[in-house]
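Have a look at the structure below, then the notes.
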Amino acid sequence: MYSVRKGFENDVPASIIGSPPNIRVVPSDQNLAKKDKCACSLGELKEAYCSFVQVHPEWFDLLKKSDEEDATYFSGVLADEDLPLQN
């Protein structure tokens with residue numbers, strides 16, 4: 001799990017931070033205790049995300065439907081990072 005705070009600090013789109021490879025249900029006290037600690041590196045998150053979207057390309061359609069106004073990840077924000085982006 002890559003922390004939301006670290007994602008914000010490293011300009012990782014919310015669509016990647018909030019994607020299934022990076023979410024899990026934990027009790028609130030555990031979530032608060034971890035603060036900004038990450039259980040994976042940014043590289044590991046990117047790898048997990050790439051694998052996920054290869055298996056679930058419909059993820060892009062869900063993102064488009066859920067947030068038509070914030071499509072920064074479609075405009076190449078992470079294109080230099082070689083993440084699969086759908087244009």
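Here, each number is a calculation from the coordinates, and none is a lab measurement. What you are looking at is a predicted structure, and each value in this text was computed from that prediction instead of being measured. Cβ placement follows ideal geometry from the backbone for every residue including glycine, while neighbour counts extend to all protein chains displayed.
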- Task: Output the residues belonging to the stretch 2-40 that are touching a residue at least 12 places away in the same chain (Cβ under 8 Å) and of a type in the set (S, T, Y).
- Result: Y2, S3, S15, S19
- Message: For the stretch 1-20: of the residues being small (G, A, S) and part of a loop (DSSP other than H, G, I, E, B), which is surrounded by the fewest Cβ atoms within 10 Å (Cβ to Cβ)?
- Response: G18
- Which of the residues belonging to the stretch 9-31 are within 8 Å of the chain's Cα centre (by Cα), hydroxyl-bearing (S, T, Y) and farther than 18 Å from S41 by Cβ? S15
